[in-house]
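The values are calculated or read from the model by the stated rules, or taken from the named source; none is laboratory data. The shown structure was predicted, so the numbers you read here are calculated from the model rather than taken from an experiment. When we count neighbours, we look across all protein chains shown, and the Cβ atoms used for this are built from the backbone with ideal geometry, even at glycine. Just so you know, the surface numbers come from the protein's heavy atoms only, side chains and all, with ligands and any DNA or RNA stripped out. Shrake-Rupley method; radii C 1.70, N 1.55, O 1.52, S 1.80 Å.
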Amino acid sequence: MISKDMYELGSKKSAIRELFEYGKKQAEIVGRENVFDFSIGNPTVPAPECVKDSIIELLQTSKSQEIHGYTSAQGDLQVRKGIAEYMNNTYKSNLGADNFYMTCGAAASLTITLKALVADSEDEVVIIAPYFPEYKVFIRNAGAKVVVVPADTDTFQIDMDLLKEAISSKTKAIIINTPNNPSGAVYSEKTLRDLAELLEDKSEEYGNPVYLISDEPYREIVYDGLEIQYIPDYYGNTIVCYSYSKSLSLPGERIGYIMVPDSVVNSREVYTAVSGAGRSLGFVCAPSMFQKVVLKCIGKTSDVNLYDANRKLLYEGLTEMGYECVKPDGAFYLFVKSLEENSRRFAEEAKKLNLLIVPADDFGCPGYVRISYCVDPEMIKRSFDAFQKLFEVYS
Ligand code: PLP
């Protein structure tokens with residue numbers, strides 16, 4: 001007898017991964033240049049030079065154990081100190097090494113944080129559509145119930161009235177993701193201020209702190225001079241789940257962190273529970289060499305201008321054809337209104353033209369599709385013909 005739930009989870013791939021695998025097979029049949037794969041958020045902009053330089057330097061100058069050995073379970077002290085200093089200089093925060101727990105990327109950060117917070121099978125965790133589909137998996141794995149706030153499709157900010165209705169005495173936490181996958185929206189100052197006010201009111205009303213989990217793999221990927229946000233400035237009771245997967249184009253290296261500032265309610269207990277959750281899940285000692293690499297590359301990012309150029313090319317190209325698109329302010333996704341009500345069928349129609357776009361049903365936002373533009377700009381240009389043909393199918 002094995003776990004039925006885990007068996008089911010393992011048997012079906014996410015819609016994104018299924019399309020990505022399909023794309024690879026289809027490329028063998030029709031040729032790579034004839035498949036327009038916009039399915040997955042796998043950065044094509046190379047990691048900055050400092051990544052390669054740091055790896056070479058570390059390999060040449062360190063003892064094997066220093067880069068390949070175990071670090072402390074919560075991560076190397078110097079690395080955590082260095083990240084804290086960087087955050088303090090950048091955001092005027094007051095963080096130290098013991099506010100950080102190094103992880104294998106945002107997925108691990110979220111899994112650990114949820115495991116640390118959820119105390120009871122009645123606990124609820126609120127997510128806001130459109131959301132990263134794996135949130136549901138992670139929340140259920142932590143033993144809590146998922147509560148979804150429907151999308152505000154006028155603005156792709158948060159509908160505060162709907163959020164208010166969704167919060168109950170059982171709400172343990174809310175997950176937000178700004179810049180957002182899949183909408184590309186960045187929450188405005190007003191949204192963050194209103195959110196903070198609501199969470200403070202609700203925490204007081206129920207006599208239980210509502211924790212805000214800020215999932216930030218796209219923190220630095222913002223456009224048109226938008227300021228990078230530091231969410232604990234708005235709501236002190238915020239735990240940040242960060243990842244270098246996108247900012248340094250290192251998704252395969254699995255490196256990130258959890259930040260538990262002192263302003264979090266019962267901060268020390270939460271940090272200890274994070275350490276316990278990391279231990280219980282086997283997420284101790286994040287990849288040793290990459291902890292050191294990210295320290296050496298602190299403050300650097302991949303070239304966001306290249307994503308910006310793709311953003312403009314795709315947004316302008318598609319809106320000119322007549323598609324209705326959400327103007328993305330961050331991340332590297334374009335969220336497009338489906339040309340028929342059934343977005344799964346629309347994505348199937350696109351697939352016939354070798355256009356691989358993800359129906360947003362699994363993001364909790366049917367009626368839209370997600371186009372991931374962290375791709376070669378030449379592929380975007382080549383795909384316009386297919387997008388035009390797709391539009392004509394519905395004209
Ligand atoms: N959260 C969001 C919103 C994401 O888009 C992703 C990856 O695409 C993750 C979390 C997982 O990130 P990581 O690869 O760092 O685990």
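Looking across segment 116-137, the residues that are within 15 Å of the ligand (Cβ to nearest atom) and either part of a helix (DSSP H, G or I) or without any contact (Cβ under 8 Å) to a residue 24 or more places away in the chain (or both) come down to Glu134, Tyr135, Lys136, Val137.
Restricting attention to segment 241-251, does a residue exist that is open to solvent by 30 Å² or more (accessible area, probe 1.4 Å) and either modelled with pLDDT under 95 or more than 15 Å from the ligand (Cβ to nearest atom) (or both)? The answer is no; no qualifying residue exists.
Taking the criterion of being open to solvent by less than 50 Å² (accessible area, probe 1.4 Å) and either in contact with a Ser or Thr (Cβ under 6 Å, 6 or more places away or on another chain) or under 18 Å from Val210 (Cα atoms) (or both), the residues of segment 259-290 that qualify are Met259, Val260, Pro261, Val264, Ser267, Val270, Tyr271, Ala273, Val274, Cys285, Ala286, Ser288.
Of the numbered conditions (1) over 17 Å from Ile174 (Cα atoms); (2) in contact (Cβ under 8 Å) with a residue 24 or more places away in the chain; (3) more than 9 Å from the ligand (Cβ to nearest atom), Glu269 fails exactly one; give the number of that condition. Going through (1) over 17 Å from Ile174 (Cα atoms); (2) in contact (Cβ under 8 Å) with a residue 24 or more places away in the chain; (3) more than 9 Å from the ligand (Cβ to nearest atom) one by one, Glu269 breaks only (2).
Please tell me if Met259 is more than 22 Å from the chain's Cα centre (by Cα) and assigned by TED's automatic domain parsing to the domain that holds Tyr218. Considered against the rule, which asks whether it is more than 22 Å from the chain's Cα centre (by Cα) and assigned by TED's automatic domain parsing to the domain that holds Tyr218, Met259 comes out as no. Against the numbered list (1) surrounded by fewer than 18 Cβ atoms within 10 Å (Cβ to Cβ); (2) at pLDDT 95 or above, Lys327 comes up short only at (2). Between Ala144, Ala84, Ala166, Ala108, the distinction of being surrounded by 17 or more Cβ atoms within 10 Å (Cβ to Cβ), within 16 Å of the ligand (Cβ to nearest atom) and modelled with pLDDT of 95 or more belongs to Ala108 only.
Is it true that Glu8 is closer than 28 Å to Val369 by Cα, in a helix (DSSP H, G or I), in the same structural domain as Lys351 (by TED's automatic domain parsing) and touching a residue at least 24 places away in the same chain (Cβ under 8 Å)? The answer is no for Glu8.
Of all residues in segment 191-209, those that are farther than 13 Å from Ile231 by Cβ, touching a residue at least 12 places away in the same chain (Cβ under 8 Å) and part of a helix (DSSP H, G or I) total 6. Hey, any hits in segment 55-62 for a residue that's within 16 Å of the ligand (Cβ to nearest atom) and either in contact with a strand residue (DSSP E or B) (Cβ under 6 Å, 6 or more places away or on another chain) or not small (Gly, Ala, Ser) (or both)? Scanning segment 55-62, I find no residue that is within 16 Å of the ligand (Cβ to nearest atom) and either in contact with a strand residue (DSSP E or B) (Cβ under 6 Å, 6 or more places away or on another chain) or not small (Gly, Ala, Ser) (or both), so the answer is no.
Residues in segment 219-234 that are in contact (Cβ under 8 Å) with a residue 40 or more places away in the chain, open to solvent by 10 Å² or more (accessible area, probe 1.4 Å) and either farther than 30 Å from Lys312 by Cβ or of a type outside the set (Val, Ile, Thr) (or both): 9 in all.
Any residue in segment 331-345 that is crowded, with 22+ Cβ neighbours inside 10 Å and farther than 18 Å from Phe36 by Cβ? Yes.
Taking the listed residues Glu18, Glu49, Glu57, the one that is open to solvent by 50 Å² or more (accessible area, probe 1.4 Å) and farther than 20 Å from Ser249 by Cβ is Glu18, with no other qualifying.
Among the residues of segment 209-218, is there at least one that is β-branched (Val, Ile, Thr), away from the ligand (no atom under 11 Å from the Cβ) and farther than 19 Å from Asp98 by Cα? Yes, that holds for at least one residue. Selection of segment 216-235 for residues being under 16 Å from Tyr333 (Cα atoms) and not in a loop (DSSP other than H, G, I, E, B) yields Glu216, Val222.
Open to solvent by 80 Å² or more (accessible area, probe 1.4 Å) and on the phi > 0 side of the Ramachandran plot, is that true of Lys92? Against the criterion (open to solvent by 80 Å² or more (accessible area, probe 1.4 Å) and on the phi > 0 side of the Ramachandran plot), Lys92 qualifies. The condition (being closer than 26 Å to Thr153 by Cα, buried (at least 16 other Cβ atoms within 10 Å of the Cβ), away from the ligand (no atom under 15 Å from the Cβ) and of a type in the set (Gly, Ala, Ser)) is satisfied by just one residue among Ala196, Ala185: Ala196.
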